[in-house]
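Each remark here refers to the structure printed beneath this line.
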Amino acid sequence: MTTAKTRTWPLAQATQVAEELITLLRPACERIEVAGSIRRQKTQVGDIELLAVPKEAVTTTVWLERPPLDARILQLMGGGILKYRLNKNGSRTYGPFNKLLVHTPSGISIDLFSTTLANWGQGLVIRTGPKEFNIKMMARLKALGLQGHVNQPIQDQNGDPLPCPTEEILFRLLGWRFRPPEERG
């Protein structure tokens, strides 16, 4: 296993690796897209952030098979393309919402995040960032009397979910004009 990221890569190299990974992971996903600093078109990239809606696991009468995305990641690990990455505390982070990995050939850190189709837009905005933009967004939600969480739908004052399947819907909910990723910080 590898520990947390420590260097940067040129945007073109990181984009190429991200596109290769998306191609390899797409069969196990309903939807998958690059996020983070690549999506914001930063010239130097510290990691590759991907947002995915994994396909559901297939249930049989004998067992519950491994979810397709996890099965695909294990195949890529067996082929030497991916490996686990330890978080800053030295622990493995590999759960239903966050998977920390490394693209073995390049050494680029991979953060693979999961969401649902109903909250795709919210997930894409959050995972595109940057951190300062997300802090302002969460403050705005609070000012509107709404509750937000990175891995849960935004909720209205009654606790009812407010799906955000597109970024534009989230921006309208916030009362903000839509800003493309490269203008978010």
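The values are calculated or read from the model by the stated rules, or taken from the named source; none is laboratory data. Keep in mind it's a predicted model, so treat the numbers as computed, not measured. Please note: Cβ atoms are built from the backbone with ideal geometry, for glycine as well, and neighbour counts cover all protein chains shown. For accessibility, only protein heavy atoms count, side chains too; no ligands or nucleic acids. Shrake-Rupley method; radii C 1.70, N 1.55, O 1.52, S 1.80 Å.
Of I169, I22, I135, which has the most accessible area with a 1.4 Å probe, and how do the rest follow in descending order?
Ranking I169, I22, I135 by accessible area, largest first, yields I135, I169, I22.
Before I look further, what does the chain give for accessible area per residue, probe 1.4 Å, in whole square angstrom?
53 Å²
Restricting to bridges with both residues inside region 42-185, how much of the DSSP beta-bridge set is antiparallel, in percent to the nearest 5?
Percent antiparallel among DSSP bridges in region 42-185 is about 75.
For a quick check: with amide H placed at 1.01 Å from N, whose amide H comes under 5 Å from C29's, ignoring anything fewer than 5 positions away on the same chain?
Long-range HN contacts for C29: K55.
Measure of size requested: the Rg and Dmax of the chain, with Cα atoms as the atom set and Å as the unit; please supply both.
In order Rg, Dmax, the Cα atoms of the chain give 17.0, 51 Å.
How large is log10 I(q)/I(0) at q = 0.11 Å⁻¹ when the Debye formula is applied to the Cα atoms of region 49-155, each weighted equally and without solvent?
The computed values of log10 I(q)/I(0) come out as -0.45.
If amide H atoms are built 1.01 Å from N in the plane of the peptide, which residues on other chains or at least 5 residues away come under 5 Å of the amide H of K83?
Placed amide hydrogens put V102, T104 under 5 Å from K83.
Roughly to the nearest percent, how much of the accessible area of the chain is carbon and sulfur, given a 1.4 Å probe?
The C+S portion of the solvent-accessible surface of the chain is 54 percent.
Using a Cα-Cα cut-off of under 19 Å, which aspartates and glutamates could be cross-linked to K136, ignoring same-chain neighbours fewer than 8 residues away?
Here the aspartates and glutamates satisfying the reach criterion relative to K136 are D156, E167, E168, E182, E183.
Check which residues have an amide H placed less than 5 Å from I48's amide H, if you skip close sequence neighbours.
Under 5 Å from the amide H of I48: S109, I110, D111.
Compute the longest continuous run of the chain that contains no exposed GluC sites (Glu not before Pro); treat a site as exposed when its DSSP state is not H, G, I, E or B and it has at most 14 other Cβ atoms within 10 Å.
Longest site-free region, per DSSP loop and neighbour criteria: 66-185.
Heavy atoms only, probe 1.4 angstrom, no DNA, RNA or ligands counted: give me L50, L173 ranked by accessible area, highest first.
L173, L50
Lys and Arg at +1, Asp and Glu at -1: add these up for the other residues within a Cβ distance under 14 Å of G79 and post the number.
Here the count lands on +1.
Work out from phi, with θ = phi - 60° and the Karplus expression 6.51 cos²θ - 1.76 cosθ + 1.60, the ³J(HN,Hα) of each residue of region 165-178, listed in order in whole Hz, and give x for Gly and Pro.
Here the 3J(HN,Hα) series is x, 10, 4, 4, 5, 4, 4, 5, 4, 6, x, 10, 6, 5 Hz.
Using each residue's phi in region 105-117, evaluate 6.51 cos²θ - 1.76 cosθ + 1.60 at θ = phi - 60° and report the 3J(HN,Hα) Karplus result to the nearest Hz, with x for Gly and Pro.
Along region 105-117, the couplings run x, 9, x, 6, 5, 10, 10, 9, 10, 10, 8, 10, 4 Hz.
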